């Protein structure tokens, strides 16, 4: 006799503990026989350690109902009462009558919904990763939002099937991620009312998931949405919630991400001292973060993105020379694959230069935004920054040749949207 590695693997795949499997088997027996089952965690331990290698009929019936396969596929030998040459439905009725003394009035096994496991979660997560990569390249747009909503619908459909607690929480986390991606696409495209609706839904799924990084993502996006509306008090409150979240408490990486959002909100409120203090602590905590596996959506954040966000803090705080230095540092480090982020950092650099009244150099820098996006329409956030630059340029140097050339280029690029 030996341990049943097959059953153990199937339980791990479905995220089932011994207590959860016992409960599911009892539910299955109640469906099959009309009477409560008496399977306990001890029963499951005996099945796992090999003490019960040929379970009794009712136990086999419950196992088959829960896992949706013959007991032989779970590493067991079926009892003799199950070896009946009659065809499936007749065999099932004969077995259940002999095993329980009750005629089977339950739904046939083949009609049961397939049980969902972590492999299903992994497949659904692969689709999420593809959307993150698309966002890195192009930024938020309608097709990305649509794909994220479709991904969420697929995940919620999986939630309607049989699943263990671990799997169900993972599915809620994934539903929150897909919904947050739809929201983020709307934020980037400046469709802010729709983004708010998505984030309200994402916060519910994130809470049900009990997953720290997922909750962190929602709070960060809520802070970003509020900042796009220039609602700085709300942006600060959401950023502080992110900083106080479970994910931030457990991982300096997420702590840093929360702190830099606080710095951005303080800068918007005109609290330069608070902004610089939070920015410094964001740098300190990021330095403490070790390399470890994190969700794919976090790949954007690191020293390069922190430098980019520092440029925004300094621009908002009226420190253009510091903003220019941080933008240069960011652009030296942001990988080419993050095209949208490189375009945003370039726009911040142009704003820092125009605020120092270096209009011609700023115009040459701003033109680089279009080069980086390589013909793709600019996402809404980037268009807003370019619009800000355009207004500043024509206040400072409206009659110059480079300003007229810029205006022609801008009209051509705007027509792509």
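Evaluated against (1) in contact (Cβ under 8 Å) with a residue 24 or more places away in the chain; (2) crowded, with 23+ Cβ neighbours inside 10 Å; (3) more than 25 Å from the chain's Cα centre (by Cα), residue 233 falls short on exactly one condition, (2).
Residues in region 268-281: is at least one touching a helix residue (DSSP H, G or I) at 6+ places or on another chain (Cβ under 6 Å), without any contact (Cβ under 8 Å) to a residue 40 or more places away in the chain, in a helix (DSSP H, G or I) and within 21 Å of residue 180 (Cβ to Cβ)? Among the residues of region 268-281, not one is touching a helix residue (DSSP H, G or I) at 6+ places or on another chain (Cβ under 6 Å), without any contact (Cβ under 8 Å) to a residue 40 or more places away in the chain, in a helix (DSSP H, G or I) and within 21 Å of residue 180 (Cβ to Cβ), which makes the answer no.
Residues to consider are 383, 404, 409; find the one that is part of a helix (DSSP H, G or I), surrounded by fewer than 17 Cβ atoms within 10 Å (Cβ to Cβ) and touching a residue at least 24 places away in the same chain (Cβ under 8 Å).
Details: 383 fails: surrounded by fewer than 17 Cβ atoms within 10 Å (Cβ to Cβ); 404 fails: touching a residue at least 24 places away in the same chain (Cβ under 8 Å).
Result: 409 is the single residue among 383, 404, 409 that is part of a helix (DSSP H, G or I), surrounded by fewer than 17 Cβ atoms within 10 Å (Cβ to Cβ) and touching a residue at least 24 places away in the same chain (Cβ under 8 Å).
Within region 136-162, if we keep just the residues that are in a helix (DSSP H, G or I) and at pLDDT below 75, the residue that is farthest from residue 376 (Cα to Cα) turns out to be 136.
For region 293-333, name all the residues that are touching a residue at least 60 places away in the same chain (Cβ under 8 Å) and assigned to a helix (DSSP H, G or I).
Scanning region 293-333 gives 296, 297, 298, 299, 300.
Whether a residue is modelled with pLDDT under 90, in contact with a helix residue (DSSP H, G or I) (Cβ under 9 Å, 6 or more places away or on another chain) and assigned to a helix (DSSP H, G or I) was assessed, and residue 219 does not pass this test.
Taking first residues from region 37-56 that are without any contact (Cβ under 8 Å) to a residue 12 or more places away in the chain and in the same structural domain as residue 70 (by TED's automatic domain parsing) and partners that are buried (at least 16 other Cβ atoms within 10 Å of the Cβ) and in a loop (DSSP other than H, G, I, E, B), the Cβ contacts under 7 Å between residues at least 6 apart in sequence or on separate chains come to 46/52.
The values are calculated or read from the model by the stated rules, or taken from the named source; none is laboratory data. As the structure is a prediction and not an experimental result, all values here were calculated from the model. All Cβ positions, even for glycine, are placed from backbone atoms using ideal geometry, and neighbour counts span all protein chains on display.
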